[in-house]
Each structure stands twice: as structure tokens, then as C-alpha cells.
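Chemist: To start, I am sharing the structure in question, which I have written as C-alpha cells.
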Amino acid sequence: TTCKNQPLDLVFIIDSSRSVRPEEFEKVKVFLSKMIDTLDVGERTTRVAVMNYASTVKVEFPLRTYFDKASMKEAVSRIEPLSAGTMTGLAIQTAVDEVFTEEMGTRPANFNIPKVVIVVTDGRPQDQVQDVAASARAAGIEIYAVGVDRADMQSLRIMASEPLDEHVFYVETYGVIEKLTSKFRETFCAANVCALGTHGCQQVCVSDGGSYLCDCYEGYTLNPDKRTCSAVNPCAPGRHKCEQICVRNNGSYVCECYEGYSLNPDKKTCSAMDMCAPGRHDCAQVCLSNDGSYSCDCFEGYTLNPDKKTCSAVDMCAPGRHDCEQVCVRDDLFYTCDCYQGYTLNPDKKTCSRAVTSSLVTTEESCKCEAIAALQDSVTSHLEALSAK
């Protein structure tokens, strides 16, 4: 029975090389007729074209020629095999260049009608099919590959669209190729439009009765066109659980901490680190911890240099830095006080008092006078004795 499938621009490309015997080729034509019977054929629904290839390629009829099943099936019945060669790549390229054009009946791109190719072959391509098929798929053409009997499975997989398990079919003989009719009917007539693979959703297709909706993978949001997706910013306010810093990471995020903090085992919250621990700072003398950060200071007698890290010894005797009344004498990092001549240092070791001059003879001077007097008396006595003699 006919299904109300999504409208398609559908092109059959059938292999009629020498390896396909005449009776087998007749089976292929029966398969095409039964496929046409299942489709909702028409000018505004599904359009069908048939191409025949061997070492050459023949467009049996393009998409614009027939819009009723009877005419299509009659044209299929008249197709004759071409016999030699298996130029599958050439056939696909011809479909791209000569059949999928508006002049030949393909509907304009803004109609969003899926372009579909079904290749039927029993052999290995004798030309380069990989690049041609990739180029066709890149142009928006969906390729189904049907292999029969001796068909090379690797070549079928190279030709077909992804996912391969939905686009590559194989039957043992042409005698059972008709079985594939129901497979394609399920594909093209599926109530689940997402099974067609032509829904236009960039990421996720969600079946909705006879229609569908597009959705996106986790970490993405649906764009206004309702088909494509954009990565969301997982670090936007309210979207993450990081206490301090959120860093985007391949559609997700990781948490980090400000300088001076370390990430806790929960990978979300942060704890202040001791920035003054050995090896964590670059202060020359004193490190002062300050809420996850630090500042440098110096020992007494030193001052912090402009680099805010190193220290220099200060001049303790500089004006305003000492409390000596008269003279400041530096002593390494400290100082002592002294007085000008004629002054003496007071017991407080800071102030000075004028020195007092005494008029009294000191004990030492008194002793010297007594010695001199005794000597003079002794000399006088000797002189008197000599004089008497």
C-alpha cells in the first residue's frame, strides 16, 4: 500500500554491468516497480528518477519527467542493461551534476525537500568512489547502498551516509531483493520522521506523532531557528556551583580559586592558604598574612624597599630617629648618646650637663707637693752640713 511519506527527490542508480545476468537485471526492475508502488508519487510529493550504469552512465528518466506511477513503471520496464564495467563513482557524480539540478526537476533548496540516492550494485567499483560519495553527502544528498551477492561491503560503507546500519543493505541474491521493499517502506513511511535521517535537526530529533521537534545535547541550547544548537555558557550566573571562579571546559565547567586560596575536595568551594608558609612568599624578612594574600615587612632598624619585598638598614642617627640631646653614635643597628666637650652625659644616657671645674687641690696634687717639700728639706740639710765643715 502507498504511504504518505515525507516528499523526496529520489534517484535510483542501478548497476547493469556484465556481472549482472539478464534475469537478475529483470529482478532489479521488479524491485524498482514495487518501490514506486509504495511511494507517494507526485509533482508535489515524491519525485523519482532512474539512472543506469556500467562503464558508462545513462539517465533513464530525470525527476521532472513522470509524476504518476503507471508512467514510471512503464519506463522502468523498458530499461536495458549496459553490460560492461562498474563505474559507480561516475554514476554518483553524474547524479550530482546532471540529475540533482532544478532544470532536471530537483526542487529549490528553500523547499527543504530531502535529496536521496539508492545505489544497487553487485560488484566492486572500478573507479574512485570515496571522494565522490563524500562530496555528494556534503552537498546534502543522503545515500543508501544496496549490495547483492558479490558486492564489496567496504565499498558500500564508503558510499553510504551515516549511520551506516541504517543506510547499508545486503541481500544474497537478486531473487530476494524484493524483500528490501519493506525495509525502505519502513524508512520512508515511518511515522517517526526522525528515522528518515532527513529531518534537519543538528543534534537530536524527537518524534512528535507524525512530525518532529529538534533538541540539543546537554550543554547546548536550541537556537531560534529550532533546528541548530549553540553551546551554552555553563559559567553564566546561576548555572554553576563554583564558590569563586568558574572555567568553561568542553561544554561543562571546572571550579578554580583566587590566588591565595586552594580548591577543597568537593571541587567547588575554596579555603584560604597560609601565604606566609615557608616557600610560598618572597619577602626578604617579615611576611604578614592577609586573608589569602600577604604583604612584606622588615625587622626593626630596617625599612622596606620600593619593590615591597626586600629591606635596607636604616640610619639610626638620622634626624628624628634618635633621642640623644647632643651627639648620636651609630653602633651596628643601634646607637649610643654622647656629649660635646665640656659636657658630661647624665645618668639617663641621653641628656648632657656642663662639667664643673673644682678649685680644690686634688689628693694626687697634694702628694706631689709633699714629696717636693721633703726633697727640698733634705737638700737644705745637706747644704747646711757641708757649709759647717
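The values are calculated or read from the model by the stated rules, or taken from the named source; none is laboratory data. Computed from a prediction, not measured in an experiment: that's the story for all the values here. Counting neighbours? That spans all protein chains shown, and the Cβs are built from the backbone with ideal geometry, glycine included. Heads up: the accessible areas ignore ligands, DNA and RNA and are worked out on the full protein's heavy atoms, side chains in. Shrake-Rupley method; radii C 1.70, N 1.55, O 1.52, S 1.80 Å.
Chemist: Return the calculated 222 nm mean residue ellipticity for the chain, to the nearest 500 deg cm²/dmol, obtained by summing -39500 (n - 2.57) across DSSP H runs with n ≥ 4 and dividing by the residue count.
Modeler: -6500 deg cm²/dmol
Chemist: Give me the net charge for the shell around Cys298: Cβ to Cβ below 13 angstrom, other residues only, Lys and Arg +1, Asp and Glu -1.
Modeler: Neighbourhood net charge equals -1.
Chemist: Considering only Ile36, Ile372, Ile79, give the residue with the highest GNM mean-square fluctuation for the chain, with springs between Cα atoms whenever their separation is below 10 Å.
Modeler: Top of the fluctuation ranking is Ile372.
Chemist: Taking N as the number of residues in segment 274-314, what is its alpha-carbon radius of gyration divided by 2.2 N^0.38 Å?
Modeler: 1.12
Chemist: Which distance in nm do the two modelled labels at Asp297 and Arg354 give, with both placed 7 Å along the Cα-to-Cβ direction?
Modeler: With each label placed 7 Å out from Cα toward Cβ, I get 4.6 nm.
Chemist: Same structure again: Could you list which residues have their amide H under 5 Å from that of Val314, counting only those 5 or more apart in sequence or on another chain, with H placed in the peptide plane?
Modeler: Tyr302, Thr303
Chemist: Report for the chain the percent antiparallel among DSSP-assigned beta bridges with both residues inside it, nearest 5.
Modeler: Of all bridge pairs located within the chain, approximately 60 percent are antiparallel.
Chemist: Another one. How compact is the chain by the rule of thumb for globular proteins, expressed as Cα Rg over 2.2 N^0.38 Å?
Modeler: Working it through for the chain, the quotient is 2.53.
Chemist: Share of the chain's accessible area from carbon and sulfur, percent, 1.4 Å?
Modeler: Carbon and sulfur: 50 percent of the exposed surface of the chain.
Chemist: Skipping prolines and chain starts, which residues have an amide H placed within reach, meaning under 5 Å, of the one on Arg124, given they are 5 or more residues away or on another chain?
Modeler: The answer is Asp152.
Chemist: Would you mind checking which residues have amide H under 5 Å from Val11's amide H? H placed 1.01 Å from N; only 5 or more apart, or other chain.
Modeler: Ala49, Val116, Val117, Ile118
Chemist: Right, here's the next one. State to the nearest 20 debye the size of the charge dipole of the chain about its Cα centre, where the only charges are +1 on K and R beta carbons and -1 on D and E beta carbons.
Modeler: 1700
Chemist: When the chain is treated as a GNM, springs tying every alpha-carbon pair under 10 Å, which of Glu300, Glu259, Glu80 comes out with the largest mean-square fluctuation?
Modeler: Greatest mean-square fluctuation among the candidates belongs to Glu300.
Chemist: Please compute the contact order of the chain in relative form: average sequence separation of alpha-carbon pairs under 8 Å and at least six residues apart, divided by the residue count, as a percent.
Modeler: Relative contact order for the chain comes out at 8 percent.
Chemist: Using the crude model of +1 on Lys and Arg Cβ and -1 on Asp and Glu Cβ, and no other charge, please compute the dipole size for segment 3-190 relative to its Cα centre, in debye to 20.
Modeler: On the way: 22 positive and 28 negative charges, 60 e Å.
Dipole size: approximately 280 debye.
Chemist: Moving on to the next point. Using each residue's phi in segment 33-50, evaluate 6.51 cos²θ - 1.76 cosθ + 1.60 at θ = phi - 60° and report the 3J(HN,Hα) Karplus result to the nearest Hz, with x for Gly and Pro.
Modeler: My calculation for segment 33-50 gives 4, 5, 4, 4, 4, 7, 8, 8, 7, x, 5, 9, 10, 9, 9, 10, 10, 10 Hz in order.
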